[in-house]
Amino acid sequence: MAVQLTVRDSQTASPITGASVTFTGPFSGSEQCSGATCVVSGGPGTYEIDVSAPGYQPVHQEVRVTGIPSTGCGCARVETQQLAVSMTRG
């Protein structure tokens, strides 16, 4: 997991359910969030992340994910970035 996002209302700090996330970077895709938690799967690099939820203004974030060389598989392990996203009703 490259990035784990927690989505909250900017006024009340209440969790927002029903959000989705799209992302581009070393890996691209889209995911429905589970409760107020969204996950971006992928490897190290810089991601452009867009979070949307019904009734809220979309939020754009750029996140840098660092990797740790892994022995054996030739792949990199990532240091998961934790990101709190505050959304404004729109």
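The values are calculated or read from the model by the stated rules, or taken from the named source; none is laboratory data. Since the structure is predicted, the reported quantities are computational estimates derived from the model, not experimental observations. Cβ: placed from backbone, ideal geometry, glycine included. Neighbour counts: every protein chain shown.
Restricting the range 36-90 to residues that are among the hydrophobic types (A, V, I, L, M, F, W, C) and not in a strand (DSSP E or B), which is farthest from residue 12 (Cα to Cα)? Walk me through it before giving the result.
Our first condition is that a residue be among the hydrophobic types (A, V, I, L, M, F, W, C); within the range 36-90, this holds for 36, 38-40, 49, 51, 53, 59, 63, 65, 68, 73, 75-76, 78, 83-85, 87.
From the residues that got through so far, the ones that are not in a strand (DSSP E or B) too are 36, 53, 73, 75.
Values: 36: 14, 53: 16, 73: 45, 75: 41 Å.
Looking at residues that are among the hydrophobic types (A, V, I, L, M, F, W, C) and not in a strand (DSSP E or B), I get 73.
For the range 40-54, which positions are under 22 Å from residue 89 (Cα atoms) and either out of contact with any Ser or Thr (no Cβ under 9 Å at 6 or more places or on another chain) or among the polar types (S, T, N, Q) (or both)?
Residues satisfying the conditions are 52, 54.
For the range 40-62, which residues satisfy the criterion of being exposed (fewer than 15 other Cβ atoms within 10 Å of the Cβ) and of a type outside the set (Gly, Ala, Ser)?
Selection gives 46, 48, 50, 54, 57, 58, 60, 62.
I'd like the residue in the range 1-39 that is hydroxyl-bearing (Ser, Thr, Tyr) and touching a Leu at 6+ places or on another chain (Cβ under 9 Å) and, out of all such residues, is surrounded by the fewest Cβ atoms within 10 Å (Cβ to Cβ).
Of the range 1-39, the ones hydroxyl-bearing (Ser, Thr, Tyr) are 6, 10, 12, 14, 17, 20, 22, 24, 28, 30, 34, 37.
Still in the list and also touching a Leu at 6+ places or on another chain (Cβ under 9 Å): 6, 37.
Values: 6: 16, 37: 13.
Applying the filter and picking the extreme gives 37.
Starting from the range 63-90, keep only residues that are without any contact (Cβ under 8 Å) to a residue 12 or more places away in the chain, then list their pairs with residues that are in a loop (DSSP other than H, G, I, E, B) and charged (D, E, K, R) whose Cβ atoms are within a distance under 9 Å, requiring at least 6 positions of separation or different chains.
68/79
Run down 21, 51 and say which single residue is among the aliphatic types (A, V, I, L, M), at pLDDT 95 or above, more than 15 Å from residue 2 (Cα to Cα) and under 11 Å from the mean Cα position of the chain (by Cα).
Numbers: 21 fails: more than 15 Å from residue 2 (Cα to Cα).
Criteria check complete, one pass: 51.
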